Structure formats: structure tokens, C-alpha cells
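J.: The structure that follows is given in the form of C-alpha cells.
The values are calculated or read from the model by the stated rules, or taken from the named source; none is laboratory data. Being a predicted model, the structure only gives us computed values, none of them experimental. Note: ideal-geometry Cβ built from the backbone for every residue, glycine included; neighbour counts use all protein chains shown. Side chains included, ligands, DNA and RNA excluded: accessible areas come from the protein's heavy atoms. Shrake-Rupley method; radii C 1.70, N 1.55, O 1.52, S 1.80 Å.
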There are 2 protein chains.
Amino acid sequence: MRIFNKITDIKAEIKKIKSSGRSVGLVPTMGFLHEGHMSLVRESVKNNDVTVVSIFVNPTQFGPTEDLAAYPRDFESDCALLEKNNADIIFYPEPSEMYGEGFCTKVELSGITEVLCGITRPVHFAGVATVVTKLFNIVNPDRAYFGSKDYQQLQVIKRMIKDLNMDVDVVGMPIIRENDGLALSSRNVYLKGDERTSALALSGSFKLVENLLREGVEDTKTIKEKVADFILSHPHTRIDYIETVHPETLVSVDSADTDFVMALAVYVGKARLIDNRYFEVHHV
Amino acid sequence: MRIFNKITDIKAEIKKIKSSGRSVGLVPTMGFLHEGHMSLVRESVKNNDVTVVSIFVNPTQFGPTEDLAAYPRDFESDCALLEKNNADIIFYPEPSEMYGEGFCTKVELSGITEVLCGITRPVHFAGVATVVTKLFNIVNPDRAYFGSKDYQQLQVIKRMIKDLNMDVDVVGMPIIRENDGLALSSRNVYLKGDERTSALALSGSFKLVENLLREGVEDTKTIKEKVADFILSHPHTRIDYIETVHPETLVSVDSADTDFVMALAVYVGKARLIDNRYFEVHHV
């Protein structure tokens, strides 16, 4: 496993790899890796000759009041996990390497980035789209792997690739959960004491929705109200949003008579957690 | 020479070309081609195995009150010129092919796009940066050729390539002029009667600046005032801007004791004309 810090160096390595006809898979991450990330790495290793994992806590996708400085980091442990899971290359640049003097370019999507997390995180998705565009241009991957926990991010990236005619196959991978249902997240480390139990409110909500749908409840307003009550019955919780949206456009869905995604963002103590589930209504 | 209208088709053709190890040059145009464009095509033909010319009057780079509908078009004449100059491929898509349903992505630069033409054309450069990004991803060129008449556009594209880590060599080519000095432009067709003579005010300004610099005038405010007087002494002229700027950042330059670019935008009748010249002060 090789580690690159400089764009020029990894570009030269990628050029060699591609010109020898080998395929490249990219797993973009912010580090502090867990089994969710590893499921992406293993899928990439299975389907590509070379797997590149980028580790970059991208400052431009954090708002001024968000947790950039506090965001957990552990490069040594990340390397050990990646070595064990047969990643080939780590790209680990400094912010100054990614955003040099005079940097002034932004990739921005409208609409799809202005709902859900986009409401309270107005600069987030432009930061994501811009850094992912850069990573795609640096690593030139055949395939790129993203988790479905960041459901909106996955849809934003798919839309961007389509709109800008990029040549990357995006692979969205299932959410990986603890045995009790909590979706894996680097931010779970923020959960203290009984907040860990309260955090189960998110995945528990989807069970509740399943039951409501089985009972024939179709009005998503009612569904969302019942989910809100359920979540708030757990201590330390504060709701950012509870939404039922179209799986691709993320436009709000009023009636559960069509496929939809329920997306949640909930503060549990200091941790802002997100989770989601795709409901194929006729197969519940 | 082959003509492609569909993104999928030209992408497949480019894939074949690149996988056989041949290099690709791209000349992005809005059609109504003249000798300025042909100088780019010939340079591309000289240095690449395959030359692709895109002809696309990009709606997103026109403001609501600008000349999108009136913009001159002549596809047959363009084809004849390109055939004669040995272009290999024309990419000639419909707007609906470039901007499909749900399109919502934009590449945007700050600062460098907010001066000169950016002041009166606030959406222009996002339109340019976005369509050029798309063309780069569709055509995957080794080199892309742009004229220097659109000096700001050339700097915006260079900056975007650097910021987004794109793998394209941009080649900026000199302005091509009529014998009397008028910079070639598709928009020169708008000039009626004695407006054609007044249009010489732009290139004539640079002779005036040369003389002022030779006389030792360094204050760019004085220089710009004299240029304004000179231009307005021609009938049918209205000044959009007269600026002296840093050649790369386009930041305004106060004193001509360093290299600078003089950039002009002047209405002559209905035609909005631009022109510029790079002054290497110590070599005037």
C-alpha cells in the first residue's frame, strides 16, 4: 500500500496504471474509517485492479459553525484498516495542496442541494461537489464508491456526473449498521452516555414507518408527525428534519402511494446524525 | 470529416481514438467561423492526431437581454471552412442534448469572473465554465485551443483547469485581425455603414497607449481617460469598460510600471465588441 500526499505524484502513478490498461476504483472518505467505509473498499477491490482511498477532511464542506476542527481523525488506525482490506493507494493531501493560492472555482447544484441537509448546511454540497470533481480529475477512476447513509450526497453526485458528462460509474453501497440498528458514522464517537441509546431513535423510526404503511397510512404528514413524536420521546434528541422524498429528485412526497425515501437528521447531544431508508411501498 | 450530434456517439468515437493512442485537440466554438477560429483549427491539426471542433451557441452564457436569438449562424459555411482546414470531427449538439431534463449543475468562479465583462454579464462566465467542463468531459482532449480576443475567458478557463485539476493543456492563440486592425469576431456582422470605421477605435486605442507609454505616462487613470476620449471621438460608440489589469488575476493595475493587459468592451451601434492587448512595459 502506497501513500501519496501530492497531486502531481498520484496523477503520475495513475497515468502509469491507466496506460497499462488497469482499472481504478476510488473510495473518497474523510478518514476515521469504520466498517461502512470498509464495505466500499472491499467492493472496489473486488471490481477494480487498483483501489485508491482518499482521506481528506474537506474544509469547504463544513459551515462556519460546524465541527471541522473537532472532526475525528486517526490516520494510523485508518492505514491499518486499509492495509488489512487490501486497498492499494491512499491519497492523503493537506488542505493547502487541494486549495492552492488563488483558488476560486466551485461546482454547485441547485434544487437537489437546497432541501434536506441543504437547508441547515447551505455551503455543504457545493463543497462536496467541488472536492469530488477534483478527486475524480486527480484519480481518474473507472468507478467511485459512496455509502447510502449520505443519501442526498449520493444523489447530488449522480446528478453532477450526469450533468457534467463525467466518465465515472458511481456505485452506491448499502448502509452498514451496528447490531442494534445504529448506522455507522465517524460522528458516532461524539455520543456520550445514554445518548448512544437515544441514537437508536433514528433506525427505530423506520420500523415505525413500516408498521404505519402496513396499517394503510398513506398521508406522509401523519407519518412524519408520528416519527417526530417517537424521536422526541428519546432524551437528548432535537430534530433537524424528517422528510419523505422522491428517491432521485429529493422533491417532497405527500402520499406514500409511490416509492419514497424517508430521510432523517437528528441531533443527539452534540452529534448531528443522519439516516434514511428507501421504501418500496408495494413490497413492505 | 464526421459530424456528431449526440454525446453518446462522440464519446464512443473518442474512446476508440484515445484507446488507439491518438491525441485529440479540441476547438470549442459558437460557429459562424472566421479566420480567427481557423488559426486555432490549424494549430490543433498541426499538434494532434485528431481535431474536434464543437459548434454550439451555448444559451447559458447569454444574459436575458443579450443577443442569443440574433447570434449569427451558418452551419454549411462552417462545415466547408472546417473541411478545407482539415478538421476531423464536428460536434454539433442541440441545446436539449447538452442540457437535459433536470439539469442543475454549474461551474462557477469568483473574483476573476466579477471584473471586466463579468460586471455587465453576470451569468456569462458560469455559462462558459460549465459548458467548457462538459465539452472537456465529452471530448477528453489532450489540448484545447482558445483565442486571445476573449482574454478574460482564456484566463477563467486556465484558472478553472488548475483549480479542478483537469488534464487539459490550454493553448491561447493570438488575436487575428483584419488588415486595418479590427479584431475578427462573429459579431462584426452586426456593424452597419460607418460603424465599421468606428470599430477601428478599439485597435486604434492600443496604438495610442503605446505612444503614451513611450512618452513616459505611467498613471493608468490618465491612460484610460485618454483612451476613452479617443474612442468617444468615433461616432456610434458607447464604452462598456476600459481597463488595465494584471495579466492572470485580472486585478486592476494602477501604474504601468509592470506588465498589464488593456481590455476594452465598446458598443459600436448594436454590436458589443471586445479587444485587448498585452503590454510588456519595458519592451514597448
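J.: Need one number: nm distance between label points at A:ASP74 and A:SER19, each 7 Å from Cα along Cα→Cβ, rounded to one decimal.
T.: Those two pseudo-labels are separated by 4.1 nm.
J.: Given a 1.4 angstrom probe, I'd like the percentage of the accessible area of the stretch A:186-278 that is carbon and sulfur, rounded to a whole number.
T.: Working: 2240 of 4390 Å².
Percent of accessible area from carbon and sulfur atoms in the stretch A:186-278: 51.
J.: Let me ask something additional. In whole Å, what is the distance between the alpha-carbon centres of the stretch B:57-73 and the stretch A:28-43?
T.: Between the Cα centres of the stretch B:57-73 and the stretch A:28-43 lies a distance of 46 Å.
J.: Given a 1.4 angstrom probe, what's the average accessible area per residue across the stretch A:184-284, in square angstrom? Write down the numbers at each step before the final one.
T.: Details: 4920 Å² over 101 residues.
Per residue, the stretch A:184-284 has an accessible area of 49 Å².
J.: Where does the charge balance sit around B:VAL281 when Lys and Arg score +1, Asp and Glu -1, over other residues with C-beta under 9 Å from its C-beta? Kindly include the intermediate steps, with their values, before the conclusion.
T.: Values: positive: none; negative: B:GLU218, B:ASP257, B:ASP259, B:GLU280.
Charge balance near B:VAL281 sits at -4.
J.: Report, in whole Å, the centroid distance computed from the Cα atoms of the stretch B:217-240 and the stretch A:223-248.
T.: So the two Cα centres are separated by 63 Å.
J.: In whole angstrom, how far apart do the alpha carbon centroids of the stretch B:87-113 and the stretch B:129-190 sit?
T.: Measuring centre to centre over Cα atoms gives 14 Å.
J.: Right, another one. Can you give the accessible area of A:ASP180, probe radius 1.4 Å, in Å² rounded to 10?
T.: Result for A:ASP180: roughly 80 Å² accessible.
J.: Along the charge dipole of the stretch A:186-278, Cβ charges K/R +1 and D/E -1, which of A:VAL217, A:VAL189, A:LEU232 sits furthest on the positive end?
T.: In the stretch A:186-278, that residue is A:VAL189.
J.: Still on this structure, please answer the following. Do you know the relative contact order of chain A, to the nearest whole percent, from alpha carbon pairs under 8 angstrom that are 6+ apart? Could you put the intermediate results ahead of the total?
T.: On the way: 489 pairs, mean separation 49.0, N = 284.
About 17 percent, as a whole number.
J.: I would also like to ask the following. Rounded to the nearest 100 Å², what is the buried accessible area between B and A, both sides summed, probe 1.4 Å?
T.: Counting protein atoms only, the buried area is about 2100 Å².
J.: Let me check I've understood the local charge: for A:GLU66, count other residues with C-beta under 14 angstrom from its C-beta, Lys and Arg +1, Asp and Glu -1. What total comes out? Show your work: numbers first, answer last.
T.: On the way: positive: A:ARG121, A:ARG187, A:LYS270, A:ARG272; negative: A:ASP67, A:ASP240.
It works out to a net charge of +2.
J.: Convex hull over the Cα atoms of the stretch B:186-278, averaged projected area in nm²?
T.: On the way: hull surface 23.1 nm².
Reported value for the Cα convex hull: 5.8 nm².
J.: Please name whichever of B:PRO95, B:PHE62, B:PHE146 sits farthest to the positive end of the charge dipole of chain B, dipole taken about the Cα centre and charges placed at Cβ: Lys and Arg +1, Asp and Glu -1.
T.: Comparing the listed Cα positions along the dipole, B:PRO95 ranks first.
J.: What per residue convex hull volume, in Å³, comes out for chain B when only alpha-carbon positions are used? Intermediate results must be reported in sequence, preceding the final value.
T.: Details: hull volume 38.8 nm³, N = 284.
So the per-residue Cα hull volume is 137 Å³.
J.: Given a Förster distance of 25 angstrom, what is the FRET efficiency for B:ASN86 paired with B:ASP180, based on the Cβ-Cβ distance and rounded to 0.05? Please report the intermediate quantities before stating the final value.
T.: Working: r = 29 Å, r/R0 = 1.16.
The formula returns an efficiency of 0.30 here.
J.: Counting helices only, and only those DSSP H runs with n ≥ 4, report the 222 nm mean residue ellipticity of the protein assembly as shown as the sum of -39,500 (n - 2.57) divided by its residues, in deg cm²/dmol to the nearest 500. It would help to have the intermediate numbers written out before the result.
T.: Numbers: 20 runs with 210 residues, N = 568.
Helix-only estimate at 222 nm: -11000 deg cm²/dmol.
J.: Please name the residues of the stretch A:90-111 whose accessible area, counted over protein heavy atoms with a 1.4 angstrom probe, falls by no less than 10 Å² between the chain alone and the full protein assembly.
T.: Residues passing the criterion (a loss of at least 10 Å², heavy atoms only) are A:GLU101, A:GLY102, A:PHE103, A:CYS104, A:THR105, A:LYS106, A:VAL107, A:GLU108, A:LEU109, A:SER110.
J.: Can you tell me the length gained on complete extension of the stretch B:VAL217 to B:ASP229, counting 0.36 nm per residue apart and subtracting the Cα distance?
T.: Values: separation 12, 0.36 × 12 = 4.32 nm, distance 1.61 nm.
Working it through step by step, the gained length comes to 2.7 nm.
J.: Right, next: Calculate the FRET efficiency for A:LYS6 and B:THR197 from the Cβ-Cβ distance with a Förster distance of 41 Å, rounded to the nearest 0.05.
T.: Numbers: r = 55 Å, r/R0 = 1.35.
Efficiency computed from Cβ-Cβ geometry: 0.15.
J.: For the protein assembly as shown, what ratio Rg/Rh do Cα atoms give with a Kirkwood hydrodynamic radius? Please report the intermediate quantities before stating the final value.
T.: Working: Rg = 27.4 Å, Rh = 26.5 Å.
When Rh is taken as the Kirkwood radius, the ratio is 1.04.
J.: Can you list the residues in the stretch A:141-169 whose accessible area drops by at least 10 Å² when all protein chains are present, compared with the chain alone? Use a 1.4 Å probe, heavy atoms only.
T.: A:ARG159, A:ASP163, A:LEU164, A:ASN165, A:MET166, A:ASP167
J.: Using modelled amide H (1.01 Å from N, peptide plane; none on Pro or chain starts), what sits under 5 Å from the amide H of A:SER23, excluding residues fewer than 5 places away?
T.: Amide H neighbours of A:SER23: A:ASP49, A:VAL50.
J.: Please report the antiparallel percentage of DSSP beta bridges with both residues in the protein assembly as shown, rounded to the nearest 5.
T.: Working: 45 of 83 bridges.
Looking only at bridges with both residues in the protein assembly as shown, the antiparallel portion is about 55 percent.
J.: Where Lys and Arg each count +1 and Asp and Glu each count -1, what net charge lies around B:ASP88 among other residues with Cβ under 11 Å from its Cβ?
T.: Details: positive: B:ARG2, B:ARG22; negative: B:GLU13, B:ASP49, B:GLU83.
Once positives and negatives cancel, what remains is -1.
J.: Moving on. Give me the percent of the accessible area of the stretch A:2-173 that comes from carbon and sulfur atoms, probe 1.4 Å, all protein chains in place.
T.: Details: 3540 of 7090 Å².
Ligands and nucleic acids excluded, carbon and sulfur reach 50 percent.
J.: Taking a probe of 1.4 Å, how large is the accessible area per residue of the stretch B:2-173, in Å²? Spell out each step's value before the answer.
T.: On the way: 7070 Å² over 172 residues.
Using a 1.4 Å probe on heavy atoms only, each residue of the stretch B:2-173 averages 41 Å².
J.: Distances longer than 14 Å among the Cα atoms of the stretch A:206-246: what percent of all pairs is that? Could you put the intermediate results ahead of the total?
T.: On the way: 390 of 820 pairs.
Looking at the stretch A:206-246, the distances longer than 14 Å represent 48 percent of pairs.
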